[in-house]
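Each remark here refers to the structure printed beneath this line.
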Amino acid sequence: MFPKLKWGTYFPRIPYEQVTIVSKSIFTNIKIKGIAGVVPKDKVVNLEAHAHLTEVEKKKAIKLTGVHEYRKASPEVCASDLCQHASEILFEHLNISPSTIDAILFVSQTPDYRLPSTSCLLQHKLSCHSNTLAFDMNLGCSGFIYGLYTACSFLQGAGLNRILLLCGDTQTKLCHSEDKNVSFILGDAGTATIIDIEKNASDIKMELMTDGSRYNKLMVPAGGFRTPSTVHTRMIKKQSDGGIRSQEHISMDGMEIFNFSVTDVVKSIRNFMNDENIDEHKTDYLILHQANKFMTDKIARKLKFSSGKVPYSLNVFGNTSCASIPITIAHHFSQHKISGKKTVFFQDSEWDCPGESSILYWIILFVHQ
């Protein structure tokens, strides 16, 4: 017999030293060929929105989070729509036929339906071949790294040649507008990344880790099959942490996430850098998940990276979940032309950016109309 657990029961936190490394790998002859990001056209300016807060409270929140504005998808727009638009942009600018895509990986926590999988819908909408592999991955903040690792694994070991990695979320649909913990920071976005087999491409080094013991620090408590949707779970009320929401909205323990990020995450990154002899002085960019500015600044300082090496996108797009790293890359490099080879390091992954003259054509950012 399995033990019967009450809602909210969770296993004790696992110390960092006891967390098992899921996988640590070096991928060869694989190239990130292009990245495109798409954001909704509707903009929410934090200082103008949130009528339930005073101007003083708004300014304080903006200073702490660094989020001045974010993009919000209209009710009829899904993450798949944004990712589809990003894919079509990449196909056009790279002169790539959808028929050459061997696999589609759709990473999101806001799919179109409970079933079928959204990746299958995108295979049809993008006119990819019926032999194309397609599957969804339910991941948030870590989604791009896990998606990239999975794509590289398929390319390295399964004989595939080209993969389309789609990362996107419309998480504003899961937020209550008066929840002070999340309504200021979460934004919507979709991205597309094309990853190819290419001889003599620079190595991509990656390490993944998992600790599910703190699952309830960032979650939607109800509406799934563990706690099905009811009139009670849909009831909007003031919660114990002061946030206004129902059990079917995102619940976030910001302090616990902050503590985890500036301790365990920093240790993980530092160990990876030491193991791979990565010198922060010789690394051109550190691209972190865009949680909030206070947190990312703290992580960068602990890792001894100067502010000029740490691009941001959260000030204009907020925390875009699994899309945050590719959106930050697209946002930064579409505004800053680079020349020569650059080393880009993003949370437990290292990638050498070739710095071709056509950089603006394959790392781009668009607005979804």
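The values are calculated or read from the model by the stated rules, or taken from the named source; none is laboratory data. Just so it is clear, the structure is predicted and the values come from calculations on it, not from any experiment. Don't worry about glycine lacking a Cβ; one is built from the backbone with ideal geometry, like all the others, and counts go over all protein chains shown.
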- Out of the stretch 265-286, which residues are without any contact (Cβ under 8 Å) to a residue 40 or more places away in the chain and either surrounded by 18 or more Cβ atoms within 10 Å (Cβ to Cβ) or among the aromatic types (F, W, Y) (or both)? V266
- All positions within the stretch 298-346 that are more than 25 Å from L208 (Cβ to Cβ), among the aliphatic types (A, V, I, L, M) and part of a helix (DSSP H, G or I): V316
- Message: Show the residue pairs meeting these rules: Cβ distance below 8 Å; 6+ apart or different chains; first residue within the stretch 149-176 and assigned to a loop (DSSP other than H, G, I, E, B); second residue polar (S, T, N, Q) and modelled with pLDDT of 95 or more.
- Response: N161/T100; T170/T110; H176/S246
- Note on the structure: Only one of C78, C83 is crowded, with 21+ Cβ neighbours inside 10 Å, of a type outside the set (V, I, T), within 21 Å of the chain's Cα centre (by Cα) and more than 26 Å from D196 (Cα to Cα), namely C78
- Note on the structure: Counted residues in the stretch 290-311 being more than 19 Å from F260 (Cβ to Cβ) and not β-branched (V, I, T) come to 7
- Give the residues of the stretch 312-328 that are surrounded by fewer than 20 Cβ atoms within 10 Å (Cβ to Cβ) and either of a type in the set (K, R) or more than 13 Å from L64 (Cα to Cα) (or both), sorted by residue number. Y312, V316
- In the set M235, M295, the lone residue that is among the aliphatic types (A, V, I, L, M), in a loop (DSSP other than H, G, I, E, B) and free of Cβ contacts under 8 Å to residues at least 40 places away in the same chain is M235
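Listed here are the residues, each with its yes/no results for (1) under 25 Å from D211 (Cα atoms); (2) of a type in the set (G, A, S); (3) surrounded by 19 or more Cβ atoms within 10 Å (Cβ to Cβ); (4) modelled with pLDDT under 90.
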site	(1), (2), (3), (4)
I244	no, no, no, no
E248	yes, no, yes, no
I257	yes, no, no, no
T263	yes, no, no, no
L288	yes, no, yes, no
- Message: Given the condition closer than 30 Å to G34 by Cβ, hydrophobic (A, V, I, L, M, F, W, C) and within 19 Å of the chain's Cα centre (by Cα), answer yes or no: does some residue in the stretch 211-221 qualify?
- Response: no
- Out of S202, S240, report the one residue that is free of Cβ contacts under 8 Å to residues at least 12 places away in the same chain, polar (S, T, N, Q) and in a loop (DSSP other than H, G, I, E, B). S240
- Query: Any residue at all in the stretch 210-219 that is modelled with pLDDT of 90 or more and closer than 23 Å to G66 by Cβ?
  - Reply: yes
- Note on the structure: When the stretch 290-302 is checked residue by residue, the ones that are surrounded by 18 or more Cβ atoms within 10 Å (Cβ to Cβ) and either touching a helix residue (DSSP H, G or I) at 6+ places or on another chain (Cβ under 7 Å) or hydrophobic (A, V, I, L, M, F, W, C) (or both) are Q290, A291, N292, K293, M295, I299, A300
- Task: Give the stretch 110-138 a look and list any residue that's crowded, with 19+ Cβ neighbours inside 10 Å and under 27 Å from H289 (Cα atoms), or say none.
- Result: T110, P111, T118, S119, L122, A134, D136, M137
- Query: Which of (1) farther than 26 Å from E92 by Cβ; (2) more than 20 Å from the chain's Cα centre (by Cα) does S153 not meet, given it meets every other one?
  - Reply: (2)
- Message: So S213 ticks every box in (1) crowded, with 16+ Cβ neighbours inside 10 Å; (2) in contact with a Lys or Arg (Cβ under 8 Å, 6 or more places away or on another chain) but one. Which box is left unticked?
- Response: (1)
